[in-house]
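**Q** Handing you a structure now.
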Amino acid sequence: MNEMNTHPDVKAKVDSQKWFYTKAVKSHFFSPKNFLDGKKADKYKADGLGLVGSPACGDMMKVWIKIDKKEDKIKEMKWQTFGSLLPGAKLLMEDFTTKKVEDLSLGDKVLDGESKTNIIEEVLTRDYSGKIISIALSTSNFYKFFLTPNHPVPCVRREKITKVDRSTANRWSEINNSKISSSCIELMPAAELKTGDFMIFNVPDKIKDNLEIDADICSILGYYVSDGSIPSKNRVIFYFGLNEGEFVEDIENIAKKRKWRYRIYKRNTENVLCIQLNEPLVVELLKRHGGAPSHKKFSDEVLYLPMHKQEKIINSYINGDGWVTQQKDSWQAQYFISTSKEELAYQLQIIIGRLGIFAPIHKREGREFVRRGKLYKNTGEYNLIFRRDPQYSRIKYHSKEKAFLIPISNVSAFDYSGKIYDPGLVYSPKIYKVNGISLHNCASAIASTSMLSVMVGEKGGTKIDDALKIKPQDIVKRLGDLPERKFHCSVLGDKALRAAINDYFRKSNQLDRMVNENARIIDKEIKVTDKDIEEAVLEGADTLEKVQHKLKVGIGNKSCIPEVEQLIKFYKEKYFG
C-alpha cells in the first residue's frame, strides 16, 4: 500500500512523545494508508469521486474509488484531506513573506513545520457556522490565532512542568526548568487549551557552513542588511550617528586586516558618520547574501551557517539598526532589532532562535521618527525584542525538541459564520506556518479515513453494498476508540466514500442504486441533486456548461435548467464570494 511520506525526524519526535490519541490513531496519522499524493491525483483513474465537508471542524475530504465491475466491489480507495483557516490568516511563504490564505494561488510555495518548502496544490472554500477558539500568546499582540474547536495544537500543558501542584499557579517563576527537557509535547484540541499552557515554536537545526561567508564577512553583512547602502557596483556605504564611532572602527579594523580600500567621512547636514568600502567583490558578496539595497534579505546559505557566524551577524545588525535598554542595574539588558520588511523579521527571528533565544515579533504601524538627526516616515515596522540570557524569561526552551515553549496568555471563544479556507499541500507532512507557528491538519480525520481505506481494501476488496453498511462506529472500533468530541471526524471519510459510490452509480447509469443523502433531486430523469451541483461547483465547475459536462444535468430534462443556474450562482457566491 502507498503511504504518505512523513519526514523521519517528525516521526521520531512523535514516537518519543505521549499522544492525546491512541497508538492506532498516531500510526495512521503519521503513516496514513492510501493517501493520494497531490502529484498523482490528476493522473489517478477513478471510477468514483466524492468530496464532502465537515461542519463540525471545517475539514474537507476527497475520496477516489476503483471498482471491480465483475465482482461489484471496491478494490481500491484513495483519499485527501485539508486543514481549515479563517480569512486573514497569514501563511509563511518560501521567501519569508506572508500571504493571506484567501489570496493563495495554485503553485504557491510555503514553509512547513521543518522550514522546508511545500507547494499549494489547491485551495477549497466553504461556509462554516460555529464556535471559533481565539488564542493569544503572552509575547506580543502579533501572536493571535483563530482556530476551530477541534483543531489539533502541539503544546506542553502547564501543570506538567510547574514546581507546585495547584490549579491557581500562574506565575512564570513557578515553572520548574528541570522538568522541561523530560516533558512531552502533546497534540490537544484548541478548545482544551488553557491560559498558561505553552504553544510550540520550532527552530531548524540544520547546519551547513559556507567558506566564503567567513566571520569578517558575517560582521560586515549584519551592518549592511541593517543600515547599509550600495550606490554603485564598486562601493558600499555604512551610516552611523556621530556618537557611534566604535562601530565605524569595527568595520575599519576589518578593512585594514583584509587590505580593503575604504574612507571615513561625515555628513554635517545630517549628523551622520559614514564609512565606505571601495571593493567590488565585497559589494557583490553582500548583494548575493544580503539582497539588493531596496530589498534586503538574507540568502538561504546564511540561515544555516554555524551559530558562531550567525551571532556575528546579529551583533553587527544590532549595532547598525538596533538598540539596548536596561531599566534597572539589577535587570538584564533588553535588545531591540527593527526592520520595515516582514520577511527580514522572520529570518532574523530564525537566526536568533538558533542561538537559543526566542525573539518575539512586535508589529508597529506606520509613523514618523527621527534617526540620527533626520526625520523619517515609514509604512510600519517589525521589532524583535529579546534578552541574551533567557534563564528568567517566561519563554522556555525545550532542548530535546529544539523548540521554544511560548505561554498562552488568553483563550476565549466566539461565534463565527463565514468562509473558511482549506489549503491543500503537495508534500508530507501537511503542515504550514501561521505567524511562524506550526499548525496541523486534523489528526483523527486523517487517521479515521486511513483506517476506512484499509477496511475497504482488505481481502481483495469490499462489495459495494457492504461498503455502504460501514458505520463510523466500525471505524472507531478498529482505531481503538476516539474521544467523543472527535467522533464527527470518523464521519467525514464515511460520507466521502458514500459520495464516491454515488458518483460511480451515476457514471455507470445505476441510478436506482444511488443513496439519497437528504438531498433534493433537481433533474428527475438522471437523479442529479442539489448536493451534486454543490460539489461540482466546489470542484471548479462554475458555469452551466461545465456543470452539464460533469453531471449531464438538464440535457434531457431542459425544464430544470433555470433552477440549475440559480444553484450554480448560489454556490459560487456562497463559497467564492
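**Q** Which is in contact with a strand residue (DSSP E or B) (Cβ under 7 Å, 6 or more places away or on another chain) and either modelled with pLDDT of 85 or more or under 23 Å from GLN347 (Cβ atoms) (or both), of VAL426, VAL411?
**A** Result of the check over VAL426, VAL411: VAL411.
**Q** While we're looking at this one, here's another question. Hey, ILE313 hits all of (1) among the β-branched types (Val, Ile, Thr); (2) touching an Asp or Glu at 6+ places or on another chain (Cβ under 8 Å); (3) not in a strand (DSSP E or B) but one; which does it fall short on?
**A** (2)
Residue-by-condition table, conditions (1) buried (at least 19 other Cβ atoms within 10 Å of the Cβ); (2) in the same structural domain as ASP227 (by TED's automatic domain parsing); (3) farther than 16 Å from ASN435 by Cα:
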position	(1), (2), (3)
LEU286	yes, yes, yes
PRO293	no, yes, yes
ASP300	no, yes, yes
HIS308	no, yes, yes
ILE337	yes, no, yes
LEU344	yes, no, no
LEU355	no, no, yes
LYS363	no, no, no
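**Q** Collect the residues in the stretch 95-146 that are at pLDDT 85 or above, assigned to a loop (DSSP other than H, G, I, E, B) and either among the hydrophobic types (A, V, I, L, M, F, W, C) or touching a Pro at 6+ places or on another chain (Cβ under 6 Å) (or both), keeping them in residue-number order.
**A** Once the filter is applied, which keeps residues that are at pLDDT 85 or above, assigned to a loop (DSSP other than H, G, I, E, B) and either among the hydrophobic types (A, V, I, L, M, F, W, C) or touching a Pro at 6+ places or on another chain (Cβ under 6 Å) (or both), the stretch 95-146 yields PHE96, LEU104, SER138, THR139, SER140, PHE142.
**Q** Further question on the same structure: Can you tell me which of (1) modelled with pLDDT under 75; (2) β-branched (Val, Ile, Thr); (3) farther than 20 Å from VAL25 by Cα is the one VAL491 doesn't meet?
**A** The failed condition is (3).
**Q** Let me ask something else about it. One residue is enough: does the stretch 105-122 have a residue meeting the conditions in contact (Cβ under 8 Å) with a residue 40 or more places away in the chain, farther than 25 Å from SER31 by Cα and either among the polar types (S, T, N, Q) or touching a Lys or Arg at 6+ places or on another chain (Cβ under 7 Å) (or both)?
**A** no
**Q** When you look at ALA519, is it on the phi < 0 side of the Ramachandran plot, of a type in the set (A, V, I, L, M, F, W, C) and touching a His at 6+ places or on another chain (Cβ under 9 Å), yes or no?
**A** For ALA519, the condition - on the phi < 0 side of the Ramachandran plot, of a type in the set (A, V, I, L, M, F, W, C) and touching a His at 6+ places or on another chain (Cβ under 9 Å) - is not met.
**Q** Looking only at residues in the stretch 278-299 that are out of contact with any strand residue (DSSP E or B) (no Cβ under 9 Å at 6 or more places or on another chain) and of a type outside the set (Lys, Arg), which one is nearest to GLU343 (Cα to Cα)?
**A** Result: HIS295.
**Q** Next up: Considering every residue within the stretch 515-529, establish whether at least one is surrounded by 19 or more Cβ atoms within 10 Å (Cβ to Cβ) and modelled with pLDDT under 80. Before the answer, list the steps.
**A** Pass one, the stretch 515-529, residues surrounded by 19 or more Cβ atoms within 10 Å (Cβ to Cβ): 522-523, 526, 528-529.
The next check asks that each one be modelled with pLDDT under 80; those that pass are none.
Checking the stretch 515-529: not a single residue is surrounded by 19 or more Cβ atoms within 10 Å (Cβ to Cβ) and modelled with pLDDT under 80.
**Q** Next question. From the list THR168, THR162, THR195, which residue is exposed (fewer than 13 other Cβ atoms within 10 Å of the Cβ) and at pLDDT below 95?
**A** One residue alone meets the criteria, THR168.
**Q** In this structure, is LEU221 modelled with pLDDT of 95 or more and either of a type in the set (A, V, I, L, M, F, W, C) or more than 30 Å from LYS402 (Cβ to Cβ) (or both)?
**A** Answer is yes for this residue.
**Q** List the residue pairs whose Cβ atoms are under 7 Å apart, where the first residue sits in the stretch 178-206 and is on the phi > 0 side of the Ramachandran plot, the second is at pLDDT 75 or above and in a helix (DSSP H, G or I), and the two are 6 or more positions apart or on different chains.
**A** The qualifying pairs are GLY196/ARG158.
**Q** Let me ask something else. May I ask you to list pairs of residues, at least six apart or on different chains, whose Cβ atoms are under 8 Å apart, with the first in the stretch 69-97 being under 12 Å from THR462 (Cα atoms) and the second being modelled with pLDDT of 95 or more and aromatic (Phe, Trp, Tyr)?
**A** The qualifying pairs are MET77/TRP64.
The values are calculated or read from the model by the stated rules, or taken from the named source; none is laboratory data. Remember, it's a predicted structure, so these values are computed and weren't measured experimentally. All Cβ positions, even for glycine, are placed from backbone atoms using ideal geometry, and neighbour counts span all protein chains on display.
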